[in-house]
1. With unit charges on the beta carbon (Lys/Arg positive, Asp/Glu negative), name the residue among Leu28, Ile73, Met1 whose Cα is farthest towards the positive pole of the charge dipole of the stretch 1-86.
2. For Arg217 and Leu21 in the same chain, what is the full-extension length gain: residue separation times 0.36 nm, less their Cα-Cα distance, in nm?
3. Between Arg51 and Glu190, how many nm apart are label points set 7 Å from Cα along the C-beta direction?
4. Over what distance in Å are the Cα centres of the stretch 1-61 and the stretch 160-232 separated?
5. What FRET efficiency, computed as 1/(1 + (r/R0)^6) with R0 = 30 Å and r the Cβ-Cβ distance, is obtained for Phe71 and Glu36, rounded to the nearest 0.05?
6. Please order Phe157, Phe76 by the number of other Cβ within 10 Å, starting at the fewest.
7. Take Glu190, Glu36 and order them by how many other Cβ atoms sit within 10 Å, fewest up front.
8. With +1 assigned to the C-beta of every Lys and Arg and -1 to the C-beta of every Asp and Glu, and no other charges, what is the dipole magnitude of the stretch 2-81 about the Cα centre in debye, to the nearest 20?
Amino acid sequence: MKEFILSIEAFQSWIYLSLGLTGLIYALSVLRAYRELRASVFGLERERALRRITRSGAMLILIVTGLSATFVISTFASPAIPASARPTALPTVSLLATPLGRPDAVDASFMTATPIVASAIDSAGCANEQATITSPQANSTVRGEIQFLGVANIENFAFYKLEYHDLRPESTWLAIWASNIPVCAQGCQEPELLGTWDTTLVRSGQYAVQLVVTDTRGNAPLPCQILLQVVP
């Protein structure tokens, strides 16, 4: 039922247009039939005109009912649906077609303009058991393709993203991975895969990685941030 109501809300303009045009056609049909009724002399002509008026009038009633129902649903029923039940668009990034490890290939919607230093990395957000990275551990040495394990399943979940920062003042957060599917959604016993990062696409050195989990209202708890040492 929620999907039906949201569909009516999304396509209400087209519904109004199509029903309105159809109603206009049947209204003209009623008018023509009424004129024929007034001009008819024989009983057969009057009977035919009355049938046209009846059919067209019935269709007009259905069309007016459809317009009224669309108005009620889009005006009263749709706003009553909570935000958590509404689909949330994932920020534009293709996980299959775009190698997210490359800074020059990342969608700008995943970037922030705040430069950071290693001392500014705050791991306090990792204490949130609903939005945390459990592997690799902070200050680990990593190489090649690494897997991030953890949990991303806050209330009213919308999407999560993994980002990295090379700690240079002129750099920004760049996307590693993103998904609109919660991780550990059913109270899993072990942390699950959040995403992978091919570190061969970046230079060796120290990097910050953070997990940002966002709800349907655009709010996000304190991100889980860790430092990693990437080696050849």
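1. Leu28
2. Length gained between Arg217 and Leu21: 66.8 nm.
3. Roughly 7.5 nm, to one decimal.
4. 58
5. My answer for the efficiency is 0.35.
6. Phe76, Phe157
7. With the fewest neighbours first, Glu190, Glu36 line up as Glu190, Glu36.
8. So the dipole magnitude of the stretch 2-81 works out to roughly 440 debye.
Here, each number is a calculation from the coordinates, and none is a lab measurement. Treat the numbers as computed from the prediction; the structure is a model and nothing was measured. Glycine also receives a Cβ, built like all others from the backbone with ideal geometry; neighbour counts cover every protein chain displayed.
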